[in-house]
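Shown next, in structure tokens, is the structure this report addresses.
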Number of protein chains: 2
Amino acid sequence: MIVTVAATQFACSTDSSKNVETAERLVRDAAAQGANIVLLQELFGGQYFPQTESYEYFGLAAEAEGHPVLAHMAALAKELGVVLPVSFFERAGTVHFNSLMMIDADGSMLGIYRKTHIPDDPGYYEKFYFTPGDTGFRVWNTKFGKIGIGICWDQWFPETARILALSGAELILYPTAIGTCAVPESQLDSDPADHVHWQNVMLGHAAANMVPVVASNRIGTERCESAGTAIRFWGASFISDQTGRKVCEAGHSEQEILTHSFDLDELRDFRIEGCCFRDRRPELYGRLLTLDGKNRFGG
Amino acid sequence: MIVTVAATQFACSTDSSKNVETAERLVRDAAAQGANIVLLQELFGGQYFPQTESYEYFGLAAEAEGHPVLAHMAALAKELGVVLPVSFFERAGTVHFNSLMMIDADGSMLGIYRKTHIPDDPGYYEKFYFTPGDTGFRVWNTKFGKIGIGICWDQWFPETARILALSGAELILYPTAIGTCAVPESQLDSDPADHVHWQNVMLGHAAANMVPVVASNRIGTERCESAGTAIRFWGASFISDQTGRKVCEAGHSEQEILTHSFDLDELRDFRIEGCCFRDRRPELYGRLLTLDGKNRFGG
């Protein structure tokens with residue numbers, strides 16, 4: 001089966017309905033370009049609120065059931081016949097998650113993944129908002145292949161990609177919101193050297209697991225007046241083949257759609273003939289279940 | 001502490017003493033260039049015998065204790081004051097390993113690592129010769145930093161690099177023997193696209209673990225008359241920084257020495273400030289101890 005995947009990127013405004021409108025237009029354009037799977041960026045419904053810690057932003061979250069944006073995107077996925085993973089700020093009773101609903105090409109909601117690894121750096125105060133996810137890593141059997149998802153910070157962890165690959169992922173997708181957070185703002189224009197590191201990590205996941213990787217990152221500069229900071233998002237969304245070669249890459253500031261086609265049967269043969277999975281030795285990997293190579297969790 | 005690491009590559013002949021002589025000359029030259037740690041390629045004592053399965057080659061193995069090449073290299077390490085990991089074919093009673101002795105800068109032998117992941121592909125019949133290693137992954141506290149080792153095929157496994165990093169490795173070194181194995185020989189000259197994949201995997205390990213990676217691979221074409229095959233080794237030895245950026249790379253056919261200096265204290269700060277290790281969630285990584293995402297080893 002040959003599938004075409006699309007990565008998209010755009011600048012988010014403070015107007016949620018306008019963001020959803022932009023996302024919808026990109027999905028329609030990607031589908032018109034032949035995409036079967038369209039990846040939107042992380043939390044595209046609004047600006048990146050974790051730039052500061054403010055209780056009011058908990059009000060942006062909503063339960064998955066009856067969520068208006070999810071319902072809208074499910075109808076869109078069905079109309080266009082595309083697989084559409086949708087990132088959203090999930091309320092679950094009294095806790096909140098950085099979540100993603102996997103929507104299949106017939107509009108059915110296959111289930112939720114809750115971001116496992118939660119960052120906390122100056123300008124990325126996610127630990128204030130999001131409880132670390134409890135779903136574990138998920139791979140969904142969609143109309144267009146078995147798809148595994150990591151959300152943003154998850155992309156830095158080889159464990160995420162490896163578990164998705166072991167669980168049968170034929171494609172790994174990362175919706176993301178990453179850039180340079182700085183005061184003074186003049187530093188925002190410095191060369192985003194970190195974006196190379198960020199890409200290299202994911203190219204490595206693709207190469208080591210022999211699975212294509214797709215990343216969608218937002219663009220634009222978002223200011224937070226209360227904190228006196230701003231983030232310039234890197235863009236640089238990309239698609240990697242199964243050897244860690246970037247097959248397409250977006251710029252740092254333009255709204256863009258990238259597409260690439262993969263033959264999933266050829267990829268499966270590639271992984272089998274690569275023989276790496278055959279030779280793993282889980283009985284020697286116990287230290288992966290530790291934090292410092294010594295203390296051990298139950299697993 | 002600033003340390004200078006060297007990667008070397010050369011073509012192996014059928015004359016073992018000549019190979020050891022070449023290795024010694026490269027180590028001396030690297031030390032003269034300021035190297036504190038010199039990486040020689042995998043099994044540099046001879047041509048790559050696993051190109052075919054032949055009982056006679058078990059005769060090439062020797063016990064670590066009293067091994068003449070190890071003793072020679074230990075004396076060299078002491079004389080030059082360099083850390084010298086030495087790959088050798090180890091006999092241990094009735095089993096054999098693809099092993100490495102870590103020799104510290106004072107000539108002391110710190111211990112053995114036995115290759116964990118053993119390949120078996122046409123032209124790389126290592127499962128015939130080498131029992132999968134039983135040492136687990138090892139990091140040695142040498143005079144010039146904490147050094148972790150993977151041997152060749154180990155380099156394809158993110159588990160190897162991650163466990164070494166969790167165990168405190170400040171540098172990860174991979175002695176290697178990889179190339180294109182082909183009949184007819186004319187195919188040996190085809191573009192070694194796989195060498196890019198091979199590098200990408202290790203660049204990813206460096207980026208994800210925020211640890212420099214050094215790989216030494218052999219060069220030259222080695223013919224195996226009994227099998228009617230030949231391997232053209234890729235060379236392309238390289239050094240990666242902690243972001244997955246190649247800082248130097250050798251060609252495909254020349255004997256070479258690469259050197260690069262790293263500040264181990266700066267690297268430690270980089271890893272702490274990267275914050276990825278802080279946010280790992282071992283309680284969700286149990287599937288890493290499975291082969292197919294389902295059946296589980298004890299760990």
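Please state which one of A:A207, A:A230 is open to solvent by less than 10 Å² (accessible area, probe 1.4 Å), out of contact with any strand residue (DSSP E or B) (no Cβ under 6 Å at 6 or more places or on another chain) and either at the interface with another protein chain (Cβ under 9 Å from one of its Cβ atoms) or not in a helix (DSSP H, G or I) (or both).
Details: A:A230 fails: out of contact with any strand residue (DSSP E or B) (no Cβ under 6 Å at 6 or more places or on another chain).
Only one candidate qualifies: A:A207.
Here B:G148 meets each of (1) more than 14 Å from every other protein chain (Cβ to nearest Cβ); (2) over 19 Å from B:E21 (Cα atoms); (3) within 18 Å of the chain's Cα centre (by Cα) with one exception, condition (1). In the set (1) touching an Asp or Glu at 6+ places or on another chain (Cβ under 9 Å); (2) modelled with pLDDT of 95 or more; (3) under 22 Å from A:I231 (Cβ atoms), the condition left unmet by A:D121 is number (2).
In segment B:260-297, the residue that is farthest from A:F157 (Cα to Cα) out of those that are open to solvent by 30 Å² or more (accessible area, probe 1.4 Å) and within 7 Å of chain A (Cβ to nearest Cβ) is B:F297.
Of all residues being assigned to a loop (DSSP other than H, G, I, E, B), among the charged types (D, E, K, R) and under 17 Å from A:F157 (Cα atoms) in segment A:97-145, which is least open to solvent (accessible area, probe 1.4 Å)? Just the residue, please.
Ranking the candidates gives A:K115 first.
Just so you know, in segment B:61-80 the residues that are acidic (D, E) and not in a helix (DSSP H, G or I) include one that is least open to solvent (accessible area, probe 1.4 Å), and it is B:E63. Residues that are touching a Gly at 6+ places or on another chain (Cβ under 9 Å) and either within 22 Å of A:T243 (Cβ to Cβ) or charged (D, E, K, R) (or both) within segment B:220-236 comprise B:E222, B:I231, B:R232, B:F233, B:W234, B:G235, B:A236, listed in sequence order.
Whether any residue in segment A:243-254 is buried (at least 18 other Cβ atoms within 10 Å of the Cβ), of a type outside the set (S, T, Y), away from every other protein chain (no Cβ under 14 Å) and in contact (Cβ under 8 Å) with a residue 60 or more places away in the chain is what I want to check. Among the residues of segment A:243-254, at least one is buried (at least 18 other Cβ atoms within 10 Å of the Cβ), of a type outside the set (S, T, Y), away from every other protein chain (no Cβ under 14 Å) and in contact (Cβ under 8 Å) with a residue 60 or more places away in the chain, which makes the answer yes. Taking (1) part of a strand (DSSP E or B); (2) open to solvent by 40 Å² or more (accessible area, probe 1.4 Å); (3) among the hydrophobic types (A, V, I, L, M, F, W, C) in turn, A:A215 satisfies each apart from (2). Anything in segment A:1-40 that is over 20 Å from A:G145 (Cα atoms), touching a residue at least 60 places away in the same chain (Cβ under 8 Å) and buried (at least 20 other Cβ atoms within 10 Å of the Cβ)? List them, or say none. Correct list: A:Q9, A:F10, A:C12, A:L26. Just to be sure, is A:A177 over 18 Å from B:Q199 (Cα atoms), at pLDDT 95 or above and either crowded, with 24+ Cβ neighbours inside 10 Å or facing chain B (nearest Cβ under 9 Å) (or both)? Answer is yes for this residue. The test for being within 11 Å of chain A (Cβ to nearest Cβ), closer than 26 Å to A:T290 by Cα and acidic (D, E) does not hold for B:D121.
The values are calculated or read from the model by the stated rules, or taken from the named source; none is laboratory data. Not measured: the values here are computed from a predicted model. For neighbour counting, all protein chains shown are included, and Cβ atoms are generated from backbone atoms with ideal geometry for every residue, glycine included. Calculation scope for accessible area: heavy atoms of the full protein, side chains included, ligands and nucleic acids excluded. Shrake-Rupley method; radii C 1.70, N 1.55, O 1.52, S 1.80 Å.
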